[in-house]
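Report on one structure; see the data block that follows.
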Amino acid sequence: MKKILLVDTKYKEGGPKTVHQNILNSYLSKKYEIKEIGISDSVLHFNPIKGMKFVRSYWKLINAEHADVALVRGLQYIGFLMVLAAKLSNVKKIIVCVHGSDWDVPERTFRKIILKYIIEPLEIRMADSIFTVCQAEQKIVKPLKLAKAGANKGVIYNTFPNVDINKISSGKLRKELNIPENKIIVISVGRVVIRKGHQYIIETLKNFKDSAFVFAIVGSGDYLHHYEEQCKEEIAEKRLFLLGNRTDVYELLKDSDIFLFPTLNENHSMALLEAINMHCAAIVTNVGGNTETIKDGETGIVIRPKNAADIVSALYRMKDKEKRKIYTQAAYAFSQVQFSVENTLGKLEILFNE
């Protein structure tokens, strides 16, 4: 039986953690010995001493397992260090899964230039196989053309959760927050950081006075306290609820009507798939892999990033319950097929066996 290592930093929440859990809980765990390894993420800031210590820690972890395959979450600086550790170890094959890249963010700082044109190309070149989780990333990440011959395996999407909605309890969110049944709950789930675009939800709230809608933001991060200070009035009026990190996300999503995803860059979002699974109508920005899941006017509404006016317009379009129902049914049907176990983990299994 082959031994597979899932190599990443340790997360308390977020998409990467969910992706690993999906693999560990899948049929693949019966075909392979799969183990998750990693240490808590640390701020390295290009410090060479910290970087070398990080590589050494991962090298020791990987070597101790005597594994056949290391599946490493890349790209970016941390990904490079983990791939380097795997390259120096006794593992037989390195597969890099691209969940994010410095090419996603259009910055031209010296640090970004080093990452985009030196670090990430080296990381890609070290991989025996590499794939992205959305088609958009195949176009965005230019150094993918530097992969070894035949190493770029294209796209392997994240797997649709396919959680039985009937087994998820209803009414928890409305009861907890005392939200009347006639209110439309707009929820956003994700780390509260700049690139997730929560600031445009706040801007929308400041200018959008329709009392039919209430907003809930789920997640923790650097800007949560900032938004608490900025939105004291909206919080007091119970138009905005900042819920922090939660472990009952499916229950919260099931009670919600609209999933608002104003992210500034994205790959293939697990939070979006979870919302679709719980029959939330989705409003997403036209970035990354979002439009590979949501087709505007068919499975949801697509808006421009950094645009509060577009959010307002989309919310009005979503106000009709029957319209939301059409979107949720279409998105659910599409995602179940497009991101099925066969189309996702089945492709990953092929890579493990090559």
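Readers should treat all values here as calculations from the given coordinates under stated rules, not as data from a laboratory. Quick caveat: nothing in here was measured; it's all calculated off a predicted structure. In this analysis, Cβ positions are derived from the backbone assuming ideal geometry, glycine residues included, and neighbour counts consider all displayed protein chains.
What the table below lists for this structure:
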read-out: Under 5 Å, built H, 5+ apart or other chain: amide partners of ARG246; value: GLY219
read-out: Of LYS31/LYS347; LYS112/LYS142; LYS17/LYS148; LYS167/LYS347; LYS17/LYS167, pairs whose Cα-Cα distance is over 19 Å; value: LYS17/LYS148; LYS167/LYS347; LYS17/LYS167
read-out: Relative contact order of the stretch 165-338, defined on C-alpha pairs under 8 angstrom at six or more residues apart (%); value: 22 percent
read-out: Rounded, prolate or oblate (a/c below 1.5 giving rounded, otherwise prolate when a/b exceeds b/c) for the stretch 165-338 by Cα gyration tensor; value: rounded
read-out: Nearest-ten-degree value, helix 321-338 long axis tilted from longest Cα axis of the chain; value: 10 degrees
read-out: Positive-end residue of VAL19, GLY300, PHE334, charge dipole of the chain with Cβ unit charges; value: VAL19
read-out: Cross-link partners of LYS50 among aspartates and glutamates (Cα-Cα below 16 Å; sequence separation of 8 or more within a chain); value: ASP41
read-out: Cross-link reach list, lysines versus LYS238, counting only Cα pairs under 23 Å and skipping chain neighbours closer than eight places; value: LYS172, LYS175, LYS183, LYS196, LYS206, LYS209, LYS254, LYS319, LYS321
read-out: Choice from TYR157, TYR250, TYR32 showing the highest fluctuation, given a GNM over the chain with Cα pairs closer than 10 Å; value: TYR32
read-out: Under 5 Å, built H, 5+ apart or other chain: amide partners of PHE215; value: VAL186, LEU240, PHE241
read-out: Whole-Hz couplings from phi, Karplus 6.51/-1.76/1.60, listed for the stretch 79-85; x for Gly and Pro; value: x, 4, 5, 5, 5, 4, 4
read-out: Normalised contact order of the chain, rounded percent, pairs of Cα under 8 Å and 6 or more residues apart; value: 14 percent
read-out: Protection proxy ranking, peptides 197-206, 230-239, 325-334, 277-286, average beta carbon neighbours within 10 Å, highest first; value: 277-286, 197-206, 325-334, 230-239
read-out: 0 to 90° range, to nearest 10: angle between helix 198-207 axis and the chain longest Cα axis; value: 10 degrees
read-out: Calculated from backbone phi, Karplus (6.51, -1.76, 1.60) coupling profile of the stretch 243-260 in Hz, x at Gly/Pro; value: 9, x, 6, 10, 9, 10, 4, 4, 5, 5, 5, 4, 7, 8, 9, 10, 9, 9
read-out: The stretch 285-354-the stretch 150-207 distance, computed between alpha-carbon centres (Å); value: 12 Å
read-out: Placed amide H near ASP8: partners under 5 Å, 5+ positions off or other chain; value: ILE37
read-out: Protection proxy ranking, peptides 142-150, 209-217, average beta carbon neighbours within 10 Å, highest first; value: 209-217, 142-150
